[in-house]
Amino acid sequence: MINPFSTLENQLDQIKKWGFSCGDLTDNSDGACLGVEYGFTALASLDANPFDIKRMFEERRLELSSICGHANLLDPAAPSRYGTAQLIKAVKMAGAIGVRHVITAEGEPKTPFGKSLTTSEAIFSIAEKLYEPLKFAEDYGVKILLEPHGHITDSVKLMEEVLARCNSASLGINLDTGNLWLGGGEPLEMIAKLGSKIEHVHWKDLPQEMVGKRGTQFGCGMSLTALGDGVIGIENIYYALVKSGFDGYSTLEIAGEEAVLKSFEFLKKLGAI
């Protein structure tokens, strides 16, 4: 979300004006949305004609780099929770219009059931909820990328266990630099151990005052801190990714025009653009 209370078309116009060449399809849900009908919500319906979404990007000469399917993979399935059914729809939409990646996350459990899961139970829950979406992804030529965003995936060791449990060539990683660091993980360690699995990057830097929250807070949607102004060490992460062979799309998860444009210039100077 770049401009609050405005349409998806408005968001795309803004990033094009700033000079970006691609963007993610972020906020989405199945069914209809009153806010979209009345022009104050930038949400895409997973039940929309996928080619209408594609045309929306193409009309602005923007590439659609990924579809976000950030789910709740730890709480019990329910009609009101974004989970397996929505991920399957996201995969089908991506496959229909040639988008390579659907990005998801474990999320943070909200029910007593989800919060009480042991580590092994949580890994089983993630794998169980991804099983059918991964089957669809395989057939549609899409990859689901699991990002660090939770107490399981913010651990490099446990992320390895999830990948092994799912045992699917259609599952990779979206490296979210801010989430991984905030959850207590080390981005450089994940690149060193799982670099071949990383196919997309969400760039976030975080300020000094967040250091005390490491390992206790899992995930943050956007950062107000420009890349290079925080404590995560983005430059070293970038060079480690290059060394690992990464050459894919990346996304700025930065809020505020000044911070967005400063981050854009930071990546240009590194040679990322």
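General remarks:
- Put a dot 7 Å past the Cα of E265, heading toward its Cβ, do the same for R60, and the two dots end up 2.3 nm apart.
- Relative exposure of M93, M159, M210, judged by other C-beta atoms within 10 Å (fewest first): M210, M159, M93
- Peptides ranked, highest mean first, by Cβ atoms within 10 Å: ranges 265-273, 128-136: 128-136, 265-273
- Pair S6, A255: separation of 7 Å Cα→Cβ label points (nm): 1.6 nm
- Sequence-ordered 3J(HN,Hα) estimates for the range 221-232 from the Karplus curve with 6.51, -1.76 and 1.60 and θ = phi - 60° stand at x, 9, 10, 8, 8, 5, 4, x, 9, x, 10, 7 Hz, glycine and proline given as x.
- Based on Cα contacts under 8 Å between residues 6+ apart, the chain shows a relative contact order of 13 percent.
- Value of [θ]222 nm, deg cm²/dmol, for the chain, DSSP H segments ≥ 4, -39500 (n - 2.57) each, nearest 500: -12000 deg cm²/dmol
- Once backbone amide H atoms are built at 1.01 Å from N, T104 has G69, L145, L146, E147 as its partners under 5 Å, excluding neighbours fewer than 5 places away on the same chain.
- Listed by chain and number, the lysines placed with their C-alpha closer than 27 angstrom to that of K262 are K16, K17, K204, K213, K243; residues fewer than eight positions away on the same chain are left out.
- Set K54/K92; K92/K135; K89/K143; K110/K143 screened for pairs whose C-alpha atoms are more than 23 Å apart: K110/K143
- Potential extension, M222-K110 segment - 0.36 nm per residue separation minus Cα distance: 38.3 nm
- 3J(HN,Hα) from dihedral phi, the range 13-29, Karplus parametrisation 6.51/-1.76/1.60, rounded to Hz, x for glycine, proline: 4, 5, 5, 5, 4, 6, x, 7, 10, 8, x, 8, 9, 9, 6, 8, 7
- For the pair T118 and V242, label points projected 7 Å from Cα toward Cβ lie 4.6 nm apart.
- Segment S196..A32, full-extension length gain: 55.2 nm, with 0.36 nm per residue of separation and the alpha-carbon distance subtracted.
- Note that the range 78-94 has calculated 3J(HN,Hα) couplings of 7, x, 8, 9, 6, x, 4, 4, 6, 4, 4, 4, 5, 5, 5, 4, 4 Hz, one per residue in order, obtained from phi through the Karplus relation 6.51 cos²θ - 1.76 cosθ + 1.60 (θ = phi - 60°); glycine and proline are x.
Values in this text are rule-based calculations from the coordinates and carry no lab data. The shown structure was predicted, so the numbers you read here are calculated from the model rather than taken from an experiment. In this analysis, Cβ positions are derived from the backbone assuming ideal geometry, glycine residues included, and neighbour counts consider all displayed protein chains.
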